[in-house]
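Read through the structure below, which is laid out as structure tokens, and then see the notes.
The values are calculated or read from the model by the stated rules, or taken from the named source; none is laboratory data. Remember, it's a predicted structure, so these values are computed and weren't measured experimentally. Cβ atoms come from the backbone with ideal geometry, glycine included; neighbour counts cover every protein chain shown. Please note that ligands, DNA and RNA were not included when accessible areas were found on the heavy atoms of the full protein model with its side chains. Shrake-Rupley method; radii C 1.70, N 1.55, O 1.52, S 1.80 Å.
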Amino acid sequence: MQSKPFTQKEDTPLWLQVFIVSRWPFALVISIGVLSATALQLLSRPIPIRIVGGLQVDQIALPTVDINAEQPLSVNGDVAVKNGVTINSNKALPILGQVLVEEIKGSVSVDEIRTPVDVVNSSPLQVQGRVNIDGKVNVEGSVGASVKPKIF
């Protein structure tokens, strides 16, 4: 018995021949689509960055910068702020070092000053409330105040 040679055209349907020929291009297109969707998902989220060592910032060129941190950020060095700053905090803010204030527009409550403070102002300062002074006070110029004498 002689066997008939196998011919692909006669024995397989046309749709199967098209599928067999185009399976690699289809696989390539589908894999590119899956990789593109995965890359889009990864790059659409912000990348969390943890700074372990020191960071030096010379200038921030953006108009506003939002910083969200779980713990307070320590700043070593000089910080210059040109525009107004609003601080919303229910806790006391410790300030170490020299502070230059040009103008105070609202009320300020100071609980304690531990080091001597030089106050220089061209106009009189208005103080409301109670002021306790321990130690010697030197006053230059005229003072319009009534003082109750203390009798020993």
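Could I have the simple spin-label model distance between residue 80 and residue 66, label points 7 Å from Cα toward Cβ, reported in nm to one decimal?
According to this spin-label approximation, the distance is 2.8 nm.
At 1.4 Å probe size, with no ligands or nucleic acids counted, give the accessible surface of residue 111 in Å², nearest ten.
My reading of the accessible area for residue 111 is about 150 Å².
Tell me, what % of the accessible area of the chain is carbon and sulfur with a 1.4 angstrom probe? Could the numbers behind the result be given before it?
On the way: 9840 of 17550 Å².
Roughly 56 percent, rounded to a whole number.
Computed over the Cα atoms of segment 57-152, what is the ratio Rg over Rh, Rh following Kirkwood?
Result: Rg/Rh = 1.04.
Specify which residue in the list 76, 61, 19 is farthest towards the positive end of the charge dipole of the chain, using unit charges on the beta carbon of Lys, Arg (+1) and Asp, Glu (-1), about the Cα centre.
19
With angles folded into 0 to 90 degrees, how steeply does helix 14-44 sit against the dominant principal axis of the chain? Use alpha carbons for both and round to 10.
Approximately 10 degrees, to the nearest ten.
Restricting to DSSP loop positions (anything but H, G, I, E, B) with no more than 13 other Cβ atoms inside 10 Å of their own Cβ, which trypsin sites (Lys or Arg not before Pro) remain in segment 6-113?
50, 82, 91, 105
Students often forget the sequence filter, so: which aspartates and glutamates lie under 16 Å Cα-Cα from residue 136 once same-chain residues fewer than 8 apart are removed?
118
Report the label-to-label distance for residue 23 and residue 136 in nanometres (one decimal), using points 7 Å from each Cα along the Cα→Cβ vector.
The answer from the label model is 10.2 nm.
Which whole-number value in Å² is the accessible area per residue of segment 33-112, probe 1.4 Å?
Value returned for segment 33-112: 116 Å² of accessible area per residue.
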